[in-house]
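All remarks here apply to the structure that follows.
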Amino acid sequence: MKIAIIDDDRRQAREIEDALSCDEHRCHLFYDWDDFTSLPVQGRYDALILSRRGRDRDDREIMSWLRSANPMPVLVLADQSTEDEVVAWLNAGAADLIVPPTTPRAISARVKALTRRYAGGGPSQELKFGDYAFHPGGRAVVINGELVPLTEKEFMLSLMLFRNSNNPISRETIYERIWKYKSTASSRTVDTHVARIRKKLKLFPGGGFPLISIYGKGYMIVQSFSEGSLPWATSG
């Protein structure tokens, strides 16, 4: 998973990053909320760890911004352990909340739990990428208000590619993560499913999210694609 960490305690942020990296998560550190919101974050992260220590922003304001910019599970590191604090954050939409004292290992364990919940279709949280709205709980994709039927594997593959947009994913990685088996050189399963979702979701060059193949690297969904900007890419 790609995880954003917002914490003005630099030492704590790095310790959390180290703990998550041991579990093969990729982390991006932000030491200020404004630094995080100044970047285009849509589709870039699978989860957010947010420290509330010393922050003056309202929890509802933060969660409202996240829902519009990049819906994703949020793990809050609370600055106090009052019941009102816990209830307020959970009601605002946080996926989980940890109250002090805590440790990086405990935070990593909570992230693992969130991963299992969301990978298993737990919380039905809408994930938006431009005109594409993914609903994990119902395995549904809606494009401009139109429901597009997908099989379970097609949905998983589509969401994986959108979440990793602008980053090529090899056929072997896709096969092992979606089908849970070691890839074989003769397998055409991935290519067949890619062709299906490209057609069903209209992921063609000239659109907002073309699904391209990259020789020797695999497949990738491109945001802000312009003709000729990626000379090594094809739509085949």
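Quick note: the coordinates plus some simple rules give every number you see, no bench work behind them. All values reported here derive from a predicted model rather than from experimental measurement. With ideal geometry, Cβ positions are generated from the backbone for all residues, glycine too; neighbour counts draw on all protein chains shown.
At R0 = 41 Å, how high is the FRET efficiency between Asp8 and Ala113 if r is their beta carbon distance? Nearest 0.05 is fine. Could you put the intermediate results ahead of the total?
Details: r = 25 Å, r/R0 = 0.62.
Once rounded, the FRET efficiency stands at 0.95.
Gain in length, Asp131 to Thr189, computed as 0.36 nm per residue apart minus the alpha-carbon separation, to one decimal in nm?
Values: separation 58, 0.36 × 58 = 20.88 nm, distance 2.74 nm.
Length gained, Asp131 through Thr189: 18.1 nm.
Sort 193-203, 102-112 for me by packing, meaning the mean count of neighbouring Cβ atoms within 10 Å per residue, highest on top. Please report the intermediate quantities before stating the final value.
On the way: 193-203: 18.4, 102-112: 15.9.
Top of the packing list down: 193-203, 102-112.
Given labels modelled 7 Å from the Cα in the Cβ direction, how far is it in nm from Asp79 to Asn166?
3.2 nm
Place the peptides 162-171, 18-27 in order of packing, highest mean first, counting for every residue the other Cβ atoms within 10 Å and averaging per peptide. Numbers along the way, then the final one.
On the way: 162-171: 17.8, 18-27: 14.5.
The most tightly packed comes first, giving 162-171, 18-27.
Work out the FRET efficiency for Asp32 and Glu61 from their Cβ-Cβ distance, taking R0 = 22 Å, and round it to the nearest 0.05. Intermediate values should be presented prior to the final figure.
Values: r = 16 Å, r/R0 = 0.71.
So, using R0 = 22 Å, E works out to roughly 0.90.
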